[in-house]
Amino acid sequence: MNLHEFLNMGGYASYVWTSYGIALVVLLANVIEPLRHRRKLLTDIARATRRTRRTP
Amino acid sequence: MFNNFFHKLASPKYFYHIAGRLLPWLAAGCAVLMLAGLYYGLIVAPPDYQQGDSYRIMFVHVPAAWMSLFIYVVMAGAGAIGLVWRIKLAEVIAISSATVGASFTFLALVTGSIWGKPMWGTWWVWDARLTSELVLLFLYLGIIALYSAIDDKRTAARATAILAIVGVVNIPIIHFSVEWWNTLHQGPTVAKFGAPSIDISMLIPLLLMAVAFKLYYVLVVLMRARCEVLDRERHTGWVKQLAEPQ
Amino acid sequence: MTSDSLTRAFALLLKRDLLLAMRHRAEMINPLLFFVLVTSLFPLGIGAYPELLRAVGPGVIWVAALLAALLSLDGIFRSDFEDGTLEQLLLSSHPVSVLVLAKVLAHWLVTGLPLLLVAPLLGILLDLPVDAIRILMLTLLLGTPVLSLLGAVGVALTVGLRKGGKILSLLVLPLYVPLLIFAANAVDTAAAGLPVSAHLLFISALLVLALSLSPLATAAALRISLS
């Protein structure tokens with residue numbers, strides 16, 4: 001299968017590539033979201049700890 | 001020795017660090033298997049006699065559907081363990097699975113719908129698999145909604161565990177009912193990629209993707225579980241120390 | 001705690017709930033009116049062609065029954081939750097699942113049974129043949145208790161929440177799907193003059209399953225909601 005056939009998917013390109021595209025988005029989102037959430041949690045916790053330490 | 005390992009694993013701190021060490025390996029394994037699966041599925045496997053190249057959507061659709069069911073069962077099982085033995089880690093794993101399970105269900109629905117257009121000519125078709133998946137999506141959304149509606153995390157975990165267990169008992173009933181209902185309305189035009197007729201050149205990428213998706217699930221659930229653990233244990237010393245800017 | 005005292009507790013709770021419901025008779029009418037109204041909206045919405053109505057009738061009536069049941073579910077535990085009676089029930093020495101069964105029975109007698117009695121009227125509105133109406137009543141007789149039993153699990157999970165009613169339908173409707181499929185289809189099949197024993201057996205199986213397992217789930221959910 002050459003590159004042209006690969007991209008064209010026998011005429012079904014829009015169906016096949018849309019499906020795989022959506023799959024990619026879903027898979028990436030499910031990995032990126034916990035990463036950001038973890039970072040946010042750590043900064044929030046650090047901020048809260050600093051605040052309680054500052055109060056005498 | 002194993003007993004010691006499991007005891008320590010139930011400790012959130014230990015779990016957090018062990019899971020963290022596993023993540024890169026899981027990611028690497030998942031990526032390799034997925035690339036292999038995509039290569040064999042999109043390039044090596046020949047076009048289908050009836051469907052041409054559109055059948056290749058199957059390599060995402062079918063594993064996603066398998067995962068949607070598998071994850072629900074794991075979620076219900078972990079919920080049950082958390083409910084009966086009050087193991088915090090089980091509760092964490094249960095809720096960490098909900099969003100990724102719902103995502104796979106959504107993915108199965110969307111890819112199924114897109115695949116349906118060239119196959120049956122319409123964007124949505126009330127075939128047994130898609131309809132059951134739709135109901136499964138509602139079951140997932142119910143769990144996510146219930147968890148976020150309850151303030152206390154431990155109470156929320158116990159309530160969603162009950163819901164998940166009730167749901168898992170109902171899934172075979174729902175699936176059977178929908179399939180039965182579907183045979184009345186579809187007739188002989190239902191095309192099933194059933195087990196007996198699948199060619200080996202298509203089976204291999206399918207299985208590769210299935211295993212890749214399983215590794216992906218473990219990866220994501222551990223990542224979410226670590227977040228959940230940090231959130232629950234935010235008042236402990238080890239978490240506060242972890243949060244210290246280096 | 002003898003089985004005799006348990007029977008007495010069951011009967012007392014049942015009587016009490018029925019008495020309370022009778023005092024608020026207006027609340028009983030609401031789901032019933034909803035049932036009739038929703039069913040009546042369909043001919044208005046899709047056109048009053050008899051063949052069309054006969055084709056969609058069973059499904060429409062059953063969906064309307066589902067929604068009417070959903071509407072009435074909140075009442076099972078709401079007032080008892082608010083005045084503290086629910087906590088007392090959980091603290092009693094009797095198994096909570098049996099007490100739950102008493103409350104669900106009372107709820108069904110007051111909300112499910114009336115639907116059954118009104119169903120023939122709706123069957124006539126949608127031009128269903130007599131055989132179909134007979135099976136409709138039978139499916140409602142077997143099915144409405146399932147609606148109350150499964151619904152009770154959902155209510156028990158959400159009774160402690162401020163906005164519990166909003167997610168109740170999301171929790172409960174997916175569980176109603178098998179019942180809807182088999183009940184509506186039973187009526188449809190009966191309208192065609194074919195035997196429906198298989199459908200009725202399946203619905204009976206759902207009823208037995210719900211009777212045996214859902215009070216346990218409801219009791220567990222109540223304990224969690226009130227913890």
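Rule-based calculations on the coordinates, nothing more; no lab input. Computed from a predicted model, the values in this text were never measured in an experiment. Virtual Cβ from ideal backbone geometry, glycine too; neighbours counted across all protein chains shown.
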Problem set entry | For C:176-187, mean number of other protein chain Cβ atoms within 10 Å | 4
Seminar exercise, completed: Of C:ILE46, C:ILE167, C:ILE29, the most mobile residue in a GNM of chain C (C-alpha springs, cutoff 10 Å) is C:ILE46
Problem set entry | Viscosity 0.692 mPa s, temperature 37 °C, Stokes-Einstein D of segment C:3-225 from Kirkwood C-alpha radius, µm²/s | 182
For this session: Pick out which of C:THR139, C:THR111, C:THR85 has the largest mean-square fluctuation in a Gaussian network model of chain C, springs linking Cα atoms closer than 10 Å.
Result: C:THR85
For this session: Give the Cα extents of the protein assembly as shown along the principal axes, in whole Å, largest first.
Result: 73, 67, 41
For this session: Highest first, please rank the peptides C:179-189, C:33-43 by the mean number of other Cβ atoms sitting within 10 Å of their residues.
Result: C:179-189, C:33-43
Exercise. Relative to the first principal axis of the alpha-carbon coordinates of chain C, what is the inclination of helix C:164-191, with its axis defined by its Cα atoms, in degrees from 0 to 90 and to the nearest 10?
Worked result: 40
Exercise. Rounded to two decimals, what is Rg over Rh for chain B when you use alpha-carbon atoms and the Kirkwood radius?
Worked result: 1.03
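Can you give the average number of partner chain beta-carbon atoms within 10 Å of each beta-carbon in peptide B:51-62, as a whole number?
Details: counts 2, 5, 11, 8, 3, 8, 9, 1, 4, 8, 2, 0.
Mean inter-chain Cβ contacts per residue within 10 Å come to 5.
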Exercise. Which of the peptides A:42-48, C:4-10, C:204-210 is most tightly packed, and how do the rest follow, going by the mean number of other Cβ atoms within 10 Å of each residue?
Worked result: C:204-210, A:42-48, C:4-10
Exercise. To one decimal place, what Kirkwood hydrodynamic radius in Å is obtained for segment B:68-123 from all pairs of distinct Cα atoms?
Worked result: 12.5
For this session: Using only Cα atoms, find the angle between the long axis of helix A:13-54 and the longest principal axis of chain A, and express it within 0 to 90 degrees, rounded to the nearest 10.
Result: 10
Exercise. With springs only between Cα atoms under 10 Å, which of B:TYR14, B:TYR55, B:TYR40 fluctuates most in a Gaussian network model of chain B?
Worked result: B:TYR14
Exercise. Between the helical axis of B:128-149 and the dominant principal axis of chain B, each derived from Cα atoms, what acute angle in degrees is found, rounded to the nearest 10?
Worked result: 20
For this session: Please give the average number of partner chain Cβ atoms lying within 10 Å of the Cβ of each residue in A:37-48, rounded to a whole number.
Result: 5
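What pairs from B:LYS117/C:LYS166; B:LYS153/C:LYS15; B:LYS117/B:LYS214; B:LYS153/B:LYS214; B:LYS88/C:LYS15 go past 30 Å between their alpha carbons? Let's see the in-between values first.
Values: B:LYS117/C:LYS166 35 Å; B:LYS153/C:LYS15 37 Å; B:LYS117/B:LYS214 28 Å; B:LYS153/B:LYS214 27 Å; B:LYS88/C:LYS15 42 Å.
Beyond 30 Å: B:LYS117/C:LYS166; B:LYS153/C:LYS15; B:LYS88/C:LYS15.
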